[in-house]
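The values are calculated or read from the model by the stated rules, or taken from the named source; none is laboratory data. Computed from a predicted model, the values in this text were never measured in an experiment. Cβ atoms come from the backbone with ideal geometry, glycine included; neighbour counts cover every protein chain shown. What goes into the accessible areas is simple: the full protein's heavy atoms, side chains included, and nothing from ligands, DNA or RNA. Shrake-Rupley method; radii C 1.70, N 1.55, O 1.52, S 1.80 Å.
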Amino acid sequence: VLQYRLDAALAYLTDHPECQVVVSGGQGADEHISEAQGMYDALVKKGIDPKRLILEDQSTNTVENLRFSRKLIPREVQKVGIVTSNFHVYRSLRLAKQQGFLDPVGISADSGVYFLPNNVLRECFGIVKDRLYGNLKFF
């Protein structure tokens, strides 16, 4: 799934050379580097200039990805693209608005047909959880 997101990010960055990107994701207990560092390394290896990449490697979930990334992006920047898996676009955009992004745009990455039913079910529970924790407001 991460590779699909990297492929989507690479395609977008290649088509939009003026864009910078925040690669966001912390390090799990069983991982030797953070998700952000892995994405950074992969994009640089594919030819993206490191000066275009901003590393956010402390987040542990989508809310933190967006909250911590918001702090790294100048306040005047309101239109941001969020590269995420197709099943996760809706919640990511809603959460982005809650974190102060006025004009977030989803950049959908494939997630594979095989895992889609499971991922969609998990995402439904994620929406309910974020609503219960106050991360999502519907009105």
(request) Quote the relative contact order of the chain in percent (integer), defining contacts as alpha-carbon pairs under 8 Å separated by 6+ residues. (result) 23
(message) Can you compute the modelled spin-label distance between R131 and I33, with each label point 7 Å from Cα toward Cβ, in nm?
(response) 3.9
(request) For region 1-116, report the accessible area per residue in Å² (1.4 Å probe, heavy atoms, rounded to an integer). (result) 58
(message) Tell me the net charge near S59. Cut-off is 14 Å between Cβ atoms, S59 excluded, with +1 for each Lys or Arg and -1 for each Asp or Glu.
(response) -2
(message) Counting only other residues whose beta carbon sits under 9 Å from that of R91, what net charge do I get with K and R as +1, D and E as -1?
(response) -1
(message) Under 8 Å for C-alpha pairs, at least 6 residues apart: give me the relative contact order for region 1-80, rounded to a whole percent.
(response) 31
(message) Taking all protein chains in place and a 1.4 Å probe, what share, in percent, of the accessible surface of region 37-90 do carbon and sulfur account for?
(response) 54
(message) Show me the trypsin sites (Lys or Arg not before Pro) within region 19-100 that DSSP assigns to loop and that have at most 12 other Cβ atoms within 10 Å of their Cβ.
(response) R75
(request) Order I54, I48, most accessible first, counting only protein heavy atoms with a 1.4 angstrom probe. (result) I54, I48
(message) Can you give me the long-range amide H partners of V80? Hydrogens built in the peptide plane at 1.01 Å from N, cutoff under 5 Å, separation of 5 or more residues or another chain.
(response) D103, V105
(request) Can you figure out the FRET efficiency of K51 with R75, using R₀ = 25 Å and their beta-carbon distance, to the nearest 0.05? (result) 0.75
(request) Could you pull out every residue, at least 5 positions away or on a different chain, whose amide H is within less than 5 Å of the one on S85? Hs are placed 1.01 Å off N in the peptide plane, and Pro or chain starts have none. (result) A109
(request) For L116, put the label point 7 Å out on the Cα→Cβ axis and report which residues of region 1-30 keep their amide N under 17 Å from it. (result) 1-2, 4-5
